[in-house]
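Enquirer: Dropping a structure here in structure tokens format, bear with me for questions.
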Amino acid sequence: MISRRASGVEASGIRRMFELVSSMEDPINLSIGQAHFDVPEPVKAAAVGAIRDDVSRYTVTQGLPELNDAVLARLAERHGYTGDESLITCGVSGGLMLGFMGLLDPGDEILVPDPYFTMYPVLASMCSGVPVSYDVYPGQPLRAEDLAPLVTERTRAILINSPSNPTGRTLTADELSAVGRLAAAHDLTVISDEIYDEFVYDGPHVSAIGHVPDDRLLVLGGWSKTYGMPGWRLGWAVGPEELVDAMRRMQQFSFVCAPSLVQVAGLAAFDVDMSKEIADYRGKRDRILAGLAEHYEVASPGGSFYMFPQLPPGFDGDGFLEKALERRLLIVPGKAFSARDTHFRLSFAAEDDVLDRGIEALRAIAEDAARG
Ligand code: PMP
């Protein structure tokens, strides 16, 4: 009964993890893909105020003008962005879908990172595109000469994600410039998913803006992670006029607009200082790195709230997950994010005592394995 498009879509490996959590007593949950803090009070107050003020109707498709202006002003201030085309989307997910639909004809190829955020390859296929992966494992520099051989006459776009889910890797200015040069040489559009832009620990966020020419760059960002509001469904997109305009038209005939109340709250969020939460997350990163250093090979994540350690010798992802579950620890095997099965993702978006219990469990698993 269902289409080929739909039958190619399987439930995400991470969803299964959510089901496991709900059946487990007192889990040590390091599998979570969202910040562990609550929505800041001023943001809640703005949403409640919007309900009381009957902000219940559709907004214009592109989103409230003042919110669009605020997004563009932030990008101008932080990264010197000079573009003036923007769209308020239903999360970054909404922006990804509209971006893919705007760029890809059936059979067109898009380069996606591996390891990847699980949505990328599935969504590319749902939009009738063909995802082609490039290697962004920790330690593998991103260079134009490695990417160029992957480009064919069907390649239309390259997707980048910095800071990354699931590795926490941040791309350097040189790496972003290499992507920009590749795009210019092969007439590609770069989609830069910068949803973790605030979660950076070793210096300011390096955006693709300024490294990839504006006329080839679609930048996506949002509120889900930074303000702990992933269920509120709000994101933004900025990019070349022709593409953003196409996305706007398609939003008109699909999502219609982002939730009106949430747009009002999103504007209020821009006045909230999250630096304490970010400093807190830097501490969590350091805590886990120190706790695992002796037993695991792991690259220090420059951003996001994930890290991607190597599986200890002798384990595949399922075997490791089984050992973790015996200790009520939830992590996600790397193969949920990759063609390879050599790493696992852990999220440090959790209270410190949960992190400590997680570290203890992970050390015990590695020590048991070393004893054989
Ligand atoms: N991009 C990345 C890299 C993500 O990790 C996520 C959420 N896990 C999203 C996009 C989707 O975010 P949103 O809630 O804004 O749709």
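The values are calculated or read from the model by the stated rules, or taken from the named source; none is laboratory data. Quick caveat: nothing in here was measured; it's all calculated off a predicted structure. We place every Cβ from the backbone using ideal geometry, glycine too, and count neighbours over all the protein chains shown. Side chains are part of the model used for accessible areas, which takes the heavy atoms of the whole protein and leaves out ligands, DNA and RNA. Shrake-Rupley method; radii C 1.70, N 1.55, O 1.52, S 1.80 Å.
Enquirer: Here is a list of conditions, (1) within 10 Å of the ligand (Cβ to nearest atom); (2) modelled with pLDDT under 95, and Ala144 meets all of them except one; can you say which number that is?
Expert: That leaves (1) as the condition not met.
Enquirer: Any residue at all in segment 279-297 that is over 18 Å from Glu77 (Cα atoms), open to solvent by less than 10 Å² (accessible area, probe 1.4 Å), within 15 Å of the ligand (Cβ to nearest atom) and under 20 Å from the mean Cα position of the chain (by Cα)?
Expert: Yes, the conditions are met somewhere in segment 279-297.
Enquirer: Any chance segment 117-125 includes a residue that's within 16 Å of the ligand (Cβ to nearest atom), open to solvent by 50 Å² or more (accessible area, probe 1.4 Å) and of a type in the set (Phe, Trp, Tyr)? Don't jump to the end; show me each part of the working.
Expert: Going through segment 117-125, the residues within 16 Å of the ligand (Cβ to nearest atom) turn out to be 117-124.
Checking which are open to solvent by 50 Å² or more (accessible area, probe 1.4 Å) leaves us with 117, 119, 122.
With the extra rule that they be of a type in the set (Phe, Trp, Tyr), the set shrinks to 117.
Taking every residue of segment 117-125 in turn, at least one turns out to be within 16 Å of the ligand (Cβ to nearest atom), open to solvent by 50 Å² or more (accessible area, probe 1.4 Å) and of a type in the set (Phe, Trp, Tyr).
Enquirer: Of all the residues that make up segment 233-258, how many are within 15 Å of the ligand (Cβ to nearest atom) and in a loop (DSSP other than H, G, I, E, B)?
Expert: Total meeting the criteria: 5.
Enquirer: So, one more: Any idea which of Leu261, Leu289 is outside the structural domain of Gly102 (by TED's automatic domain parsing) and of a type outside the set (D, E, K, R)? If you could, list the steps in order and put the result at the bottom.
Expert: Numbers: Leu261 fails: outside the structural domain of Gly102 (by TED's automatic domain parsing).
The conditions single out Leu289.
Enquirer: From the residues in segment 73-115 that are in a loop (DSSP other than H, G, I, E, B) and within 16 Å of the ligand (Cβ to nearest atom), which one is nearest to Glu153 (Cα to Cα)? Full working, then the answer.
Expert: So the first thing to find is which residues in segment 73-115 are in a loop (DSSP other than H, G, I, E, B), and the list is 80-85, 90, 104-108, 115.
Filter again for within 16 Å of the ligand (Cβ to nearest atom), leaving 90, 115.
Numbers: Cys90: 32, Pro115: 24 Å.
Looking at residues that are in a loop (DSSP other than H, G, I, E, B) and within 16 Å of the ligand (Cβ to nearest atom), I get Pro115.
Listed here are the residues, each with its yes/no results for (1) open to solvent by less than 10 Å² (accessible area, probe 1.4 Å); (2) small (Gly, Ala, Ser); (3) over 19 Å from the mean Cα position of the chain (by Cα).
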{"site": "Leu150", "(1), (2), (3)": "no, no, yes"}
{"site": "Thr155", "(1), (2), (3)": "yes, no, yes"}
{"site": "Arg169", "(1), (2), (3)": "no, no, no"}
{"site": "His211", "(1), (2), (3)": "no, no, yes"}
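Enquirer: Among residues belonging to segment 120-148 that are more than 23 Å from Ala299 (Cβ to Cβ) and free of Cβ contacts under 8 Å to residues at least 40 places away in the same chain, point out the one that is nearest to the chain's Cα centre (by Cα).
Expert: Here is the first cut: in segment 120-148, the residues more than 23 Å from Ala299 (Cβ to Cβ) are 122-132, 148.
Filter once more, keeping what is free of Cβ contacts under 8 Å to residues at least 40 places away in the same chain: 123-124, 127, 129-132, 148.
On the way: Leu123: 14, Ala124: 15, Cys127: 19, Gly129: 20, Val130: 20, Pro131: 17, Val132: 18, Ala148: 24 Å.
Checking each candidate, the answer is Leu123.
Enquirer: Scan segment 20-43 residue by residue and report those that are part of a loop (DSSP other than H, G, I, E, B) and modelled with pLDDT under 90. Give the derivation first.
Expert: In the first step, residues of segment 20-43 are kept if they are part of a loop (DSSP other than H, G, I, E, B); the result is 23-27, 30-40.
The answer is Ser23, Met24, Glu25, Asp26.
Conditions (1) within 15 Å of the ligand (Cβ to nearest atom); (2) closer than 28 Å to Arg248 by Cα; (3) at pLDDT below 95; (4) not hydrophobic (A, V, I, L, M, F, W, C), marked per residue:
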residue	(1), (2), (3), (4)
Val132	no, yes, no, no
Asp135	no, no, no, yes
Gln140	no, no, yes, yes
Leu150	no, no, no, no
Pro166	yes, no, no, yes
Val200	yes, no, no, no
Pro204	no, no, no, yes
Val212	no, yes, no, no
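Enquirer: Same structure, new question: For segment 267-278, which positions are open to solvent by 60 Å² or more (accessible area, probe 1.4 Å), charged (D, E, K, R) and assigned to a helix (DSSP H, G or I)?
Expert: Lys276
Enquirer: While we're here: Are any of the residues in segment 233-253 open to solvent by less than 10 Å² (accessible area, probe 1.4 Å), within 28 Å of Val332 (Cα to Cα) and at pLDDT 95 or above? Before the answer, list the steps.
Expert: The initial filter retains those residues of segment 233-253 that are open to solvent by less than 10 Å² (accessible area, probe 1.4 Å), namely 234-235, 237-239, 244, 247, 251.
Next, from what is left, pick out any that are within 28 Å of Val332 (Cα to Cα): 234-235.
Next, from what is left, pick out any that are at pLDDT 95 or above: 234-235.
Yes - at least one qualifying residue is present in segment 233-253.
Enquirer: Just to verify a result, which residue in segment 49-72, among those that are open to solvent by less than 50 Å² (accessible area, probe 1.4 Å), more than 15 Å from Arg233 (Cβ to Cβ) and part of a helix (DSSP H, G or I), is nearest to the ligand (Cβ to nearest atom)?
Expert: Looking at the filtered set, the residue picked out is Val71.
Enquirer: Within segment 334-356, can one find any residue that is polar (S, T, N, Q), touching a residue at least 24 places away in the same chain (Cβ under 8 Å) and closer than 30 Å to Arg74 by Cα?
Expert: Looking only at segment 334-356, we keep the residues that are polar (S, T, N, Q), and these are 338, 342, 347.
Checking the rest, the ones that are also touching a residue at least 24 places away in the same chain (Cβ under 8 Å) come to 338, 342, 347.
In the following step, the residues that additionally are closer than 30 Å to Arg74 by Cα were identified as 347.
The answer is yes, given that some residue of segment 334-356 is polar (S, T, N, Q), touching a residue at least 24 places away in the same chain (Cβ under 8 Å) and closer than 30 Å to Arg74 by Cα.
Enquirer: State all residues of segment 190-212 that are assigned to a loop (DSSP other than H, G, I, E, B) and β-branched (Val, Ile, Thr); if no residue qualifies, say none. Explain how you work it out, then say what you get.
Expert: Taking segment 190-212 first, the residues assigned to a loop (DSSP other than H, G, I, E, B) are 194-199, 201-208, 210-211.
Across segment 190-212, the qualifying residues are Ile195, Val206.
Enquirer: Do we have any residue at all in segment 175-189 that's assigned to a loop (DSSP other than H, G, I, E, B) and within 16 Å of the ligand (Cβ to nearest atom)?
Expert: First, the residues of segment 175-189 that are assigned to a loop (DSSP other than H, G, I, E, B): 187-188.
Checking which are within 16 Å of the ligand (Cβ to nearest atom) leaves us with none.
Within segment 175-189 (the criterion being assigned to a loop (DSSP other than H, G, I, E, B) and within 16 Å of the ligand (Cβ to nearest atom)), the answer is no, since none of the residues qualifies.
Enquirer: Another one. Can you confirm whether Arg181 is modelled with pLDDT of 95 or more and crowded, with 19+ Cβ neighbours inside 10 Å? Before the answer, list the steps.
Expert: Values: modelled with pLDDT of 95 or more: yes; crowded, with 19+ Cβ neighbours inside 10 Å: no.
So Arg181 does not fit the description; no.
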